[in-house]
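Only the coordinates and a few stated rules stand behind these numbers; no lab work does. The shown structure was predicted, so the numbers you read here are calculated from the model rather than taken from an experiment. Neighbour counts run over all protein chains shown; Cβ positions are idealised from the backbone, glycine included.
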Amino acid sequence: MSGKGGGNSEGSASMRVFGTVLRAMREHVGVSTEDLAAHVGYSRSLVIKIERGERMPPPGFAEKAETLLGTGEVLGKAARHLERGDFPSWFEEYAELEALAVGLYTYNTLVFHGLLQTEEYARAVLSAYCPVLDPEEIERRVQARMARQALLTRVARTPQLSFVIEEWVLQRPVGGRRVLKHQLERLLEIGAHRHVSIQVMLATNEESAGFDGAMTLLETPERRLLAYIEGQNVGLLIDDRDEVSELHMRYSMIRSQALTPEDSAKLIEQIAGEQL
């Protein structure tokens, strides 16, 4: 949602289907993951990740597996249609809902929301991910994050968007001061749109309704209200009416405790000017 690199379950639907079929075939003929790994020349941990749909099979993997499992050309043909997922599997459902949302209200405490990030900022966030991502994967995720930002300029059913950001996020030089300066300037550009509200929660506030952490509230085209909470390698969509209602109440309080959009823009502009 905001700036994480993603968890271990990063595969697409096709990768998960391939993995399920591979495991079913392997178990059907009584071959262990150790035996399959030894036969294809890769580690057992990689085989397990492929079966879970978390990793793409390396070139030649399917064909080598077929010679041991006796599955004909099934795996090889299936492997040609594999596609990487743009997002971690636990984020996919949220991403689909986000793209269609008519209302989105977020509170961010660690990094800027993904919808607000510049390419440079997103690349810096993803480059800091642990375990380290390879350059190609970082670029793929950066572009996927940028594609999500089509929501900001969607004309059909223009969404109402609200972002409340903790002040210290504006101060943290992710990627360096130049990157931060451009990021803050981007915030000012986005906040100038009539359908977008950007507010800053001051670090000097003694009280905050947001002490329980970040959240995103969504309204679908069918006027269905949902909440999304994200943690380490996990995302949780909440549709229980009572829970969502409570989070909406909390978000309203957070907005009332933050600076107004006008005063927030002045503060953002001031901090951007300090990034020399």
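Within the shell of other residues whose beta carbon sits under 15 angstrom from the beta carbon of Glu120, the net charge comes to +4, with Lys and Arg scored +1 and Asp and Glu -1. Computed over the alpha-carbon pairs of the chain, the distance histogram in 10 Å steps reads 6, 26, 28, 19, 12, 7, 1 percent, short to long. Sequence-ordered 3J(HN,Hα) estimates for the range 110-121 from the Karplus curve with 6.51, -1.76 and 1.60 and θ = phi - 60° stand at 10, 9, 5, 4, x, 5, 9, 6, 6, 4, 5, 5 Hz, glycine and proline given as x.
Potential lengthening of the chain between Glu262 and Tyr129 amounts to 44.5 nm, from the contour at 0.36 nm per residue minus the alpha-carbon distance.
Rounded to 0.05, the FRET efficiency of the Gln171 and Leu225 pair, given R0 = 35 Å and the Cβ-Cβ distance, is 0.60.
Beta bridges assigned by DSSP with both partners in the chain are antiparallel in approximately 55 percent of cases. Compute the acute angle (0 to 90°) between the alpha-carbon long axis of helix 177-191 and the principal axis of greatest extent of the alpha-carbon atoms of the chain; round to the nearest 10°. Taking Cα atoms only, the helix is inclined about 70 degrees. When the GluC sites (Glu not before Pro) in the range 23-103 are filtered for DSSP coil states and for at most 11 other beta-carbon atoms within 10 Å of their beta-carbon, the remaining sites are Glu73, Glu83. Placing a label point 7 Å from the Cα of Ile48 along the Cα-to-Cβ direction, the residues of the range 130-149 whose backbone N falls under 19 Å of that point are 131-132. The trypsin sites (Lys or Arg not before Pro) of the range 109-175 that meet both conditions, a loop assignment by DSSP and at most 16 other Cβ atoms within 10 Å of the site Cβ, are Arg154, Arg157. The angle separating the long axis of helix 135-148 from the principal Cα axis of greatest extent in the chain is about 50 degrees. Charging the Cβ of each Asp and Glu at -1 and of each Lys and Arg at +1, and nothing else, the dipole of the range 89-273 about its Cα centre rounds to 640 debye.
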